[in-house]
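A quick write-up on the structure given underneath.
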Amino acid sequence: MKKTAIATTSLLALCLALPAAAEGPDQYGDTGNSVPAGATPAPGASGTPGAPATNTTGDTPVQASSAAAQQTAKEISRQDRKFIEKAAVGGMAEVQMGQLAAQKGQNQAVRDYGNAMVTEHTAGNQRLMNIAGSMGVTPPADLDFMHRRMAKKLNKQREKEFDETYIESQIKDHKKMIELFEEQGRDGQSTELKQFASEMLPKLRNHLQMAEQVHGQIKQKP
């Protein structure tokens, strides 16, 4: 009888212990890492509000910037791209030939004009390079065939013939440049390039007027 009473007591204790064991360490059924309903998740917890953004692409900031520039380059219009290429080449030609004029020019007006072209077109070229870079476009690094041929001709010419050939080429080139910049202001898509073209046009027209005046001075000399 005594043994039966002890067995009955043990069985009752075991039955009471089983539900508590099933509940686990706390009332939420986990080890304390889960968040109860209605509670605010800790900042930075994975998959919760407040967690920092994760770079799922694996790209570094430099790679991301490069990718953005490439995407921008794909979206640039044909007119904008043409303008960058032709304006860059024309600007480089003005600087190189202006340096040559400053060295070989016989007339002081020709040398002064050449120096002015170097100064003003160097500044314009740098600004164009900056705009093109922000658009993901790399301008040409060298002159085209036409300008290389003219530079070669001027290098070979005798000093007596140099002044007239140089100034006549400047009149011709600046007329073409003015047409190019006017076209960009009218048909271009990029706001920055259109503004650049608009600001450069008065300078180009002034360069043309200066070249025509110098040409008149050369013609008057015996």
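The values are calculated or read from the model by the stated rules, or taken from the named source; none is laboratory data. Bear in mind the structure is a predicted one, so any value in this text is a computation, not a measurement. Don't worry about glycine lacking a Cβ; one is built from the backbone with ideal geometry, like all the others, and counts go over all protein chains shown.
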* Within segment 104-160, tally of residues that are of a type in the set (A, V, I, L, M, F, W, C) and either in contact with a strand residue (DSSP E or B) (Cβ under 6 Å, 6 or more places away or on another chain) or more than 16 Å from His207 (Cα to Cα) (or both) -> 13
* To do: Taking the residues in segment 59-105 that are basic (Lys, Arg) and within 15 Å of the chain's Cα centre (by Cα) as candidates, determine which candidate is modelled with the highest pLDDT.
  => Arg81
* Structure fact -> Residues of segment 190-199 being surrounded by 15 or more Cβ atoms within 10 Å (Cβ to Cβ) and of a type in the set (S, T, N, Q), in sequence order, are Ser190
* **Hits in segment 77-91 (condition: under 17 Å from Leu143 (Cβ atoms), charged (D, E, K, R) and in contact (Cβ under 8 Å) with a residue 12 or more places away in the chain)** => Glu85, Lys86
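This table checks each residue for (1) more than 15 Å from Ala87 (Cα to Cα); (2) polar (S, T, N, Q); (3) touching a residue at least 12 places away in the same chain (Cβ under 8 Å).
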| position | (1), (2), (3) |
| --- | --- |
| Met146 | no, no, no |
| Arg158 | yes, no, no |
| Asp173 | no, no, yes |
| Leu180 | no, no, yes |
| Gly188 | no, no, yes |
| Ser198 | no, yes, yes |
| Ala211 | yes, no, yes |
| Gly216 | yes, no, no |
* Asked: Hey, Glu161 hits all of (1) modelled with pLDDT of 95 or more; (2) among the acidic types (Asp, Glu); (3) under 30 Å from Ile218 (Cα atoms) but one; which does it fall short on?
  -> (1)
* To do: For residues that are surrounded by 14 or more Cβ atoms within 10 Å (Cβ to Cβ) and not in a helix (DSSP H, G or I), tally how many sit in segment 151-161.
  => 1
* Asked: How do the pairs read when you match residues in segment 119-135 that are free of Cβ contacts under 8 Å to residues at least 60 places away in the same chain and at negative phi with residues anywhere that are of a type in the set (D, E, K, R) and in a helix (DSSP H, G or I), using Cβ under 6 Å and keeping only pairs 6 or more apart or on different chains?
  -> His121/Glu94
* Structure fact -> Screening Arg148, Arg111, Arg127 for residues that are surrounded by fewer than 16 Cβ atoms within 10 Å (Cβ to Cβ), more than 18 Å from the chain's Cα centre (by Cα), part of a helix (DSSP H, G or I) and not polar (S, T, N, Q) leaves only Arg148
* Structure fact -> When restricted to Glu183, Glu179, Glu164, the only residue surrounded by fewer than 13 Cβ atoms within 10 Å (Cβ to Cβ), part of a helix (DSSP H, G or I) and acidic (Asp, Glu) is Glu179
